[in-house]
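Colleague: Dropping a structure here in structure tokens format, bear with me for questions.
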Amino acid sequence: MDLLKRDIHVHVFSDHVPIEDEVEMKKFASERGLLVLGPGAGTSIINGKAIAFANVVRRGNVGIVAAAGTGLQEVSVLLDRIGLGVSQALGIGGNDVKKEVGGIMAIDCIRALEADRKTKLIMVVAKPPDREVMRKITKVISEETTKPFVICFQSLREYKPPKKLARRVKAVRGLHAAVIQAVKLSKPKAVQKAHKRISMKPRELRALAMKLSKKLKSTQKYVRALYTGGTLMYEAMLIYRELIGNVYSNAPLSSKYKLPDPHKSFKHSVIDLGEEEFTAGRPHPMIDPTVRKLRLIEEAKDPSVAVILMDFMLGYGSHEDPAGAMIDSIEEAMRIAEEDGRNLIILGHVCGTRKDPQSLVEQERKLKKIGVQLFPSNALAVIASALIVKRGKVKADKLRKVYRSFVGI
């Protein structure tokens, strides 16, 4: 509050702030034309400067409002890869879109980007907002803005903007799809070029999955996804729900699928290693991969596991060599499976750019060298892993529907 009283904008990385204090801060700031980014704002990019966990991306005309840290990283990185850039990327913290906070900063950031001359298109990225907050955001977009919008609410059902906004407001469920929509709205002639840079066609994913699945025994049935990025993990659960059914997790879509012990997977399991049960008293796994290294070895010992999927987050704040730090554990996991007469398929997605301190090219080179199958986006990696455990047997219409929602066409 002291900084706000001195008319200074505030970015709050920590999420250990009572929600009533968050509301008080944000109301105070909003009344004075100030921004409070967070609490729990893991990523922002302001005037080209990375704050907290953020990547080195090109400057451009896409403004981002995100209640999802690694979601902001994923869309900003994919925008960079297809030649678009970021004007401002404002992380507001996950609580902002809950009814208790009421979307105070989501709305103020939308207004700020609408007023920003360098921003020509606005993206809003969030795990599903509460309904009343969604209505508030929609009302502001409808009545107070004129710029094109891409809305990515990661919900079980696709958000549908009012018909009167249909020409300039596009809604998707996936981060990759949000970037493709941004291209459609800003550079429609460049859509195919964008797909060539960051996409794989459904038939390519199916063919790859069938090829890899031939290496598996019939008893290898399950996928285990070990995530350091919470938003990417959430997106994975949404995709899996469509393709292989609900998955177990320490942070599931439904409490029915909550793991009794977060340290022990069951059937198809997706783990957010950034949750408090894994970070209490130790650094976040994006900084220190120890907890994932140990978990990977345990998963490799399970003869029913077919696929292990991991994200590798680059950029400021992250480990200086995320891929290199995992190599010994990945090789040991493969060796454990081999000694048991099995093959273990390991898939990965490196979220980063060529200009990141760790270098996308170098990180991908290290992982490919030891046999990790990489994908340009999280959504593609998840779809591929689902196809592998299904041995490619997913109906074409279902695959197209998921692809359209999460990758984009």
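The values are calculated or read from the model by the stated rules, or taken from the named source; none is laboratory data. If you're wondering where the values come from, they're calculated on a predicted model, not measured in any experiment. Note that each Cβ is placed from the backbone with ideal geometry, even for glycine, and that neighbours are counted across all protein chains shown.
Colleague: Cβ contacts < 6 Å: first residue in the same structural domain as Val97 (by TED's automatic domain parsing) and farther than 22 Å from Glu275 by Cα, restricted to the stretch 7-24; second residue surrounded by 12 or more Cβ atoms within 10 Å (Cβ to Cβ) and at pLDDT 95 or above, any location; separation 6+ or different chain. Result?
Modeller: Cβ pairs passing all conditions: His9/Leu34; His9/Leu35; Val10/Val36; Val23/Val101.
Colleague: Restricting to the stretch 113-136, name every residue that is crowded, with 18+ Cβ neighbours inside 10 Å, in a helix (DSSP H, G or I) and among the hydrophobic types (A, V, I, L, M, F, W, C).
Modeller: Hits for the stretch 113-136 are Leu113, Val133, Met134.
Colleague: Could you go through the stretch 315-327 and let me know if any residue there is crowded, with 19+ Cβ neighbours inside 10 Å and among the hydroxyl-bearing types (Ser, Thr, Tyr).
Modeller: yes
Colleague: Another one. What number of residues in the stretch 121-142 are free of Cβ contacts under 8 Å to residues at least 40 places away in the same chain and among the small types (Gly, Ala, Ser)?
Modeller: Of the residues in the stretch 121-142, 1 are free of Cβ contacts under 8 Å to residues at least 40 places away in the same chain and among the small types (Gly, Ala, Ser).
Colleague: Separate question: List pairs: first residue in the stretch 83-98 and within 30 Å of Lys189 (Cα to Cα) and assigned by TED's automatic domain parsing to the domain that holds Ala126, second residue charged (D, E, K, R) and not in a strand (DSSP E or B) anywhere in the structure, Cβ distance under 7 angstrom, at least six positions apart or on different chains.
Modeller: Gly85/Arg58; Ser87/Asp116; Ser87/Lys118; Gln88/Asp116
Colleague: Could I ask something else about it? Specify which of the listed residues (Leu387, Leu374) is modelled with pLDDT of 95 or more, hydrophobic (A, V, I, L, M, F, W, C) and either outside the structural domain of Tyr222 (by TED's automatic domain parsing) or surrounded by fewer than 23 Cβ atoms within 10 Å (Cβ to Cβ) (or both).
Modeller: Leu374
Colleague: Of these, Gln88, Gln73, which one is in a helix (DSSP H, G or I) and either under 14 Å from the mean Cα position of the chain (by Cα) or closer than 27 Å to Lys196 by Cα (or both)?
Modeller: Numbers: Gln88 fails: in a helix (DSSP H, G or I).
From the options Gln88, Gln73, the qualifying one is Gln73.
Colleague: For the stretch 137-215, which helices (runs of 4 or more DSSP H) that fit wholly inside it have 3 or more residues that are assigned by TED's automatic domain parsing to the domain that holds Cys109, modelled with pLDDT of 95 or more and surrounded by 20 or more Cβ atoms within 10 Å (Cβ to Cβ)?
Modeller: 175-186
Colleague: Which pairs do you get when a residue that is under 16 Å from Arg241 (Cα atoms), found in the stretch 147-161, comes within reach of a residue that is among the aliphatic types (A, V, I, L, M) and assigned to a loop (DSSP other than H, G, I, E, B), reach meaning Cβ atoms under 9 angstrom, with the pair 6+ apart or on two chains?
Modeller: From the stretch 147-161, the pairs are Gln154/Ala68; Leu156/Leu253.
Colleague: So which residues in the stretch 247-284 are in contact with a Leu (Cβ under 7 Å, 6 or more places away or on another chain), part of a strand (DSSP E or B) and among the hydrophobic types (A, V, I, L, M, F, W, C), if there are any at all?
Modeller: Of everything in the stretch 247-284, just one residue is in contact with a Leu (Cβ under 7 Å, 6 or more places away or on another chain), part of a strand (DSSP E or B) and among the hydrophobic types (A, V, I, L, M, F, W, C), namely Ile271.
Colleague: Considering only residues that are in contact (Cβ under 8 Å) with a residue 40 or more places away in the chain, surrounded by fewer than 18 Cβ atoms within 10 Å (Cβ to Cβ) and either of a type in the set (Val, Ile, Thr) or in contact with a strand residue (DSSP E or B) (Cβ under 8 Å, 6 or more places away or on another chain) (or both), which ones fall in the stretch 335-363?
Modeller: Pro357
Colleague: Restrict the check to the stretch 79-99 and report whether at least one residue is crowded, with 21+ Cβ neighbours inside 10 Å and hydroxyl-bearing (Ser, Thr, Tyr).
Modeller: Yes, some residue in the stretch 79-99 is crowded, with 21+ Cβ neighbours inside 10 Å and hydroxyl-bearing (Ser, Thr, Tyr).
Colleague: For the stretch 290-409, which fully contained helices (runs of 4 or more DSSP H) count at least 1 residues that are of a type in the set (Gly, Ala, Ser)?
Modeller: Passing ranges, in order: 290-300, 322-339, 378-389, 396-406.
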